[in-house]
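Enquirer: Once you've had a glance at the structure underneath, I'll fire off some questions.
The values are calculated or read from the model by the stated rules, or taken from the named source; none is laboratory data. On a predicted model such as this, the values are computed, not experimentally measured, just so you know. We place every Cβ from the backbone using ideal geometry, glycine too, and count neighbours over all the protein chains shown.
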Amino acid sequence: MATHNDLGVKGETIAKEYLEKIGYEILDVNWVHGKAEVDLVAYLNRQIIFVEVKTRSSVAFGFPEDFVSNAKQKQLELAANEYIELMNHQDEIRFDIISVLFDKQNNHTIKHIEDAFWPED
């Protein structure tokens with residue numbers, strides 16, 4: 001596996017553990033529908049949260065959260081619509097981004113952006 005893929009998997013694991021630690025229930029990891037993959041599907045307070053995890057080892061090209069493009073948001077929305085239909089979920093949903101940034105000493109910081117976006121109709 002390529003190094004950047006390893007970094008991404010590491011970031012997703014850190015994000016999952018972080019969410020569990022603060023009380024979220026993880027429903028699915030790397031849930032796929034069509035061309036879309038949702039990194040984490042979580043549940044808290046009767047709300048399903050679709051989480052995109054972005055991991056980087058540098059901010060030379062921007063912060064990790066800056067890499068959630070409009071196209072990615074639309075893919076997440078399509079996957080979310082399928083997920084809530086399959087689960088027959090009648091309550092609220094939201095889209096979060098978790099940014100994991102590593103420094104040269106392999107320490108990391110986490111930035112959790114709740115309600116990071118709402119895809120357009």
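Enquirer: Exposed (fewer than 12 other Cβ atoms within 10 Å of the Cβ) and small (Gly, Ala, Ser) - does that describe any residue in the stretch 32-45?
Expert: Yes: one or more hits.
Enquirer: Related question: Enumerate the strands (runs of 3 or more DSSP E) found wholly within the stretch 1-75, keeping only those where 3 or more residues are without any contact (Cβ under 8 Å) to a residue 60 or more places away in the chain and closer than 13 Å to Phe102 by Cβ.
Expert: Qualifying strands (runs of 3 or more DSSP E): 47-56.
Enquirer: Taking Ala71 as the residue in question, decide whether it is over 21 Å from Asp6 (Cβ atoms), exposed (fewer than 11 other Cβ atoms within 10 Å of the Cβ) and either hydrophobic (A, V, I, L, M, F, W, C) or in contact with a Phe, Trp or Tyr (Cβ under 7 Å, 6 or more places away or on another chain) (or both). Walk me through it before giving the result.
Expert: Values: over 21 Å from Asp6 (Cβ atoms): yes; exposed (fewer than 11 other Cβ atoms within 10 Å of the Cβ): yes; either hydrophobic (A, V, I, L, M, F, W, C) or in contact with a Phe, Trp or Tyr (Cβ under 7 Å, 6 or more places away or on another chain) (or both): yes.
For Ala71, the condition - over 21 Å from Asp6 (Cβ atoms), exposed (fewer than 11 other Cβ atoms within 10 Å of the Cβ) and either hydrophobic (A, V, I, L, M, F, W, C) or in contact with a Phe, Trp or Tyr (Cβ under 7 Å, 6 or more places away or on another chain) (or both) - is met.
Enquirer: Now for a different question. If you go through the stretch 68-109, how many residues are closer than 19 Å to Thr13 by Cα and under 12 Å from the mean Cα position of the chain (by Cα)?
Expert: Residues that pass the stated criteria total 7.
Enquirer: Working only within the stretch 102-121, note down all residues that are assigned to a loop (DSSP other than H, G, I, E, B) and of a type outside the set (D, E, K, R).
Expert: The answer is Gln105, Asn106, Asn107, Ala116, Phe117, Trp118, Pro119.
Enquirer: Tell me, please, whether a residue that is farther than 24 Å from Asn5 by Cβ and in a loop (DSSP other than H, G, I, E, B) can be found in the stretch 93-101.
Expert: no
Enquirer: So if I check each of Phe67, Phe95, Phe61, Phe102, which one is in contact with a His (Cβ under 6 Å, 6 or more places away or on another chain) and among the aromatic types (Phe, Trp, Tyr)? Steps first, please.
Expert: Details: Phe67 fails: in contact with a His (Cβ under 6 Å, 6 or more places away or on another chain); Phe95 fails: in contact with a His (Cβ under 6 Å, 6 or more places away or on another chain); Phe61 fails: in contact with a His (Cβ under 6 Å, 6 or more places away or on another chain).
It is Phe102.
Yes or no, residue by residue, for (1) at pLDDT 95 or above; (2) in contact with a Lys or Arg (Cβ under 8 Å, 6 or more places away or on another chain); (3) not aliphatic (A, V, I, L, M):
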position: Ala60; (1), (2), (3): no, no, no
position: Phe63; (1), (2), (3): no, yes, yes
position: Val68; (1), (2), (3): no, yes, no
position: Gln75; (1), (2), (3): no, yes, yes
position: Leu78; (1), (2), (3): no, no, no
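Enquirer: Of all residues in the stretch 49-67, how many are hydrophobic (A, V, I, L, M, F, W, C) and crowded, with 19+ Cβ neighbours inside 10 Å?
Expert: 4
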